[in-house]
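The values are calculated or read from the model by the stated rules, or taken from the named source; none is laboratory data. Only a predicted model underlies this, so the values are computations on that prediction, with no experimental measurement involved. Glycine also receives a Cβ, built like all others from the backbone with ideal geometry; neighbour counts cover every protein chain displayed.
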Amino acid sequence: MMEKRRFEDRKEPEIVYSKSVKAGKRIYYLDVKKARNEDLYLCITESKKRVMGEDEAPQFEKHKLFLYKEDFAHFAEGLQDVMKFVEDQLGTIDAREEWHPENEDAEEKNEDPSAEQEESKRKGLLGLFK
């Protein structure tokens, strides 16, 4: 009779390469992982900071997408197509400026963020994936 595998026996797939992308209150983790059969795949994790109350520690909401190497080209082609469509509809899209707690406070008080933060304008949407 086969013994059931316990949760502790499961090994988390090895991360062989990782890149993080900060975008406002979100961070995207792009992790290349190695499966048990030695194959590589991409795990994209979106982590969004959620602040419930002033005295509470922030919590992070996470969502994952697994992308297998045989789908990379189709995914990249689809992503480029969608980004081009959005840029054609709206013109060059500036990425939102980097999120800082001070910006949030300034917005609540209807104040402008500092000149330093205004200088942190980003490349257009398509520039991020070229």
Let me spell it out: the conditions are (1) at pLDDT 55 or above; (2) touching a helix residue (DSSP H, G or I) at 6+ places or on another chain (Cβ under 9 Å); (3) under 30 Å from ASP31 (Cα atoms), and GLY124 meets all of them except one. Which number is the exception? (1)
So the check is Cβ under 6 Å with 6+ separation or different chains; which pairs have a first residue in the range 18-44 that's surrounded by 15 or more Cβ atoms within 10 Å (Cβ to Cβ) and a second one that's of a type in the set (Gly, Ala, Ser)? ILE27/SER20; ILE27/SER47; TYR29/SER20; ASP31/SER18
Scanning the range 41-71 for residues that are in a strand (DSSP E or B) and acidic (Asp, Glu), which turns out modelled with the highest pLDDT? GLU46
